[in-house]
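Heads up: the structure comes next, in structure tokens.
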Amino acid sequence: MTIIESTARQVTLAQAIGGALAEEMLRDPRVLMFGEGTATKRRDLVAEFGSARVRNTPLAEGIIAGTAAGAAATGLRPVADLLFAPFLCYAMDEIVNSAGKLRGLSGGQFAFPMTILAMTGAGWGVGAQHNHNVEAWFVHSPGLKVVMPSTAGDMKGLLKAAIRDDNPVLVFTDIGLLEQAGSVSDEAIPLGRAALRRDGDDVTLISYGKMVATCLDAAARLAERGVSAAVLDLRSLKPLDEAAILASVRRTGRAVIVHEAAAPCGIGAEVAAILAEKAFAALKAPVVRLTGPDAPAPGNFMLEQALLPAPDTVTAAALRLLADPVPCPA
């Protein structure tokens, strides 16, 4: 676990993605990028690195992901942009059955250093077929790594680490954070390390993506009531930083897990299971999950926002945990 914020130049999260791509393409000639509208959207990369390394593709997610897997198997380091996360379902065989499994099935003879970019979450009102948080699908798939940053700095650092990794890594971009500015540096951030955004003694708020800001808002409100809340940003969903989760919750004795994705079989369920199995004796209250609904996302922006866990909801959940401790067994 790392307590961060670096002091460096300020850019938006969208700019941080471009910065990471440019730096990694300059550092390693094996890095190339292709996807839906990639060369059109990233004309600066085309100008610097040429059309052989930055290419548009047809709207065919399975073909894009399959090409990336094949390129990775030959020793290249492709970055494939599939735009909206729900359309990853068209590329499940190539990502899950090929890239995710063939390294193991080959006894380590093949590496698959490929990065998949996809946007997800509320913020643009794009409707259910474009807005669906599917990160848990890939956490459940062997051989894959999954990250979902909450800041521009983490996006840049984690994307650089993903490109350098010898395994397929899915980098989910929270749409609602694309224009959020933050400090960035040139350093890669190792996969599998959570970030403690705020320390605390009474309750741990655990989240990732845009819900980290929601938890920080809730923690500030709790502080006004005399409650000290820690905020733990998972940022890497697989590998998951179990040590950071356990350390914080063993200290506070209480946990509220907050994410935009629906509850069933989500990241929150995994974190709750880890706490039940490995930190049960330290818990002073039940673990609580606050999530989005198990329903298609609405296209209306206001309805979309209304379905997200809000700071007052997180605050109320934490206060309930402090008011209703687990009774001591007889």
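Share of carbon and sulfur in the accessible area of segment 218-330 stands at 60%, probe radius 1.4 Å. Surface composition of segment 17-143: carbon and sulfur make up 59 percent of the accessible area, probe 1.4 Å. The C-alpha atoms of the chain define a longest principal axis, and helix 13-27 lies at about 50 degrees to it. Of the beta bridges in the chain, as assigned by DSSP with both residues counted there, near 20 percent are antiparallel.
Based on the alpha-carbon gyration tensor of segment 95-178 and its eigenvalue square roots a ≥ b ≥ c, which shape applies: rounded if a/c is under 1.5, prolate if not and a/b is larger than b/c, or oblate?
Oblate is the answer for segment 95-178, as a/c is 1.5 or above yet b/c matches or exceeds a/b.
Full extension of the segment from L303 to R225, taken as 0.36 nm per residue of separation minus the current Cα-Cα distance, would add 25.1 nm.
Write out the GluC sites (Glu not before Pro) in segment 3-86 meeting two conditions: DSSP loop, and at most 14 other Cβ atoms within 10 Å of their Cβ.
E5
Taking Cα atoms, how many degrees apart are the long axis of helix 211-224 and the longest axis of the chain, rounded to 10 and kept between 0 and 90? Once rounded, the angle reads 30 degrees. Quick one: Cα centre-to-centre distance for segment 98-134 and segment 186-223, in angstrom? Rounded to whole Å, the Cα centres lie 24 Å apart. Per residue, segment 165-221 exposes an accessible area of 31 Å² to a 1.4 Å probe, with every protein chain left in place. Which of the three applies to segment 1-151, rounded, prolate or oblate, going by the alpha-carbon gyration tensor with a ≥ b ≥ c and a/c under 1.5 meaning rounded? Rounded is the answer for segment 1-151, as its axis ratio a/c remains below 1.5. Projecting label points 7 angstrom from Cα along Cα→Cβ for A243 and T74 puts them 4.0 nm apart. Roughly what angle does helix 152-164 make with the longest principal axis of the chain, taking Cα atoms, 0 to 90 degrees, to the nearest 10? Roughly 50 degrees, rounded to the nearest 10. Based on protein heavy atoms only, segment 229-330 ends up with 46 Å² per residue of surface accessible to a 1.4 Å probe. Starting from the Cα gyration tensor of segment 20-98, take the square roots of the eigenvalues, sort them a ≥ b ≥ c, and report rounded, prolate or oblate (rounded when a/c is under 1.5, otherwise prolate if a/b is larger than b/c, else oblate). Oblate. The relative contact order of the chain, computed from alpha carbon pairs under 8 Å that lie at least 6 residues apart in sequence, is 17 percent. In the full protein context, segment 44-157 carries 39 Å² of accessible surface per residue, based on a 1.4 Å probe and ignoring ligands, DNA and RNA.
Peptides 62-73, 218-229, 118-129 ordered by packing proxy, namely the average of other Cβ atoms within 10 Å per residue, highest first: 62-73, 118-129, 218-229.
Counted residue by residue at 0.36 nm each, then reduced by the alpha carbon distance between them, the extension gain from N97 to F280 reaches 62.3 nm.
Relative to the current alpha-carbon distance between A295 and S185, full extension at 0.36 nm per residue lengthens the span by 35.8 nm.
The values are calculated or read from the model by the stated rules, or taken from the named source; none is laboratory data. The model shown is predicted, which means the values in this text are computed figures rather than measured ones. No Cβ is skipped: glycine too gets one built from the backbone with ideal geometry, and neighbour counts run over all protein chains shown. The area values use the complete protein model at the heavy-atom level, side chains included, leaving out ligands, DNA and RNA. Shrake-Rupley method; radii C 1.70, N 1.55, O 1.52, S 1.80 Å.
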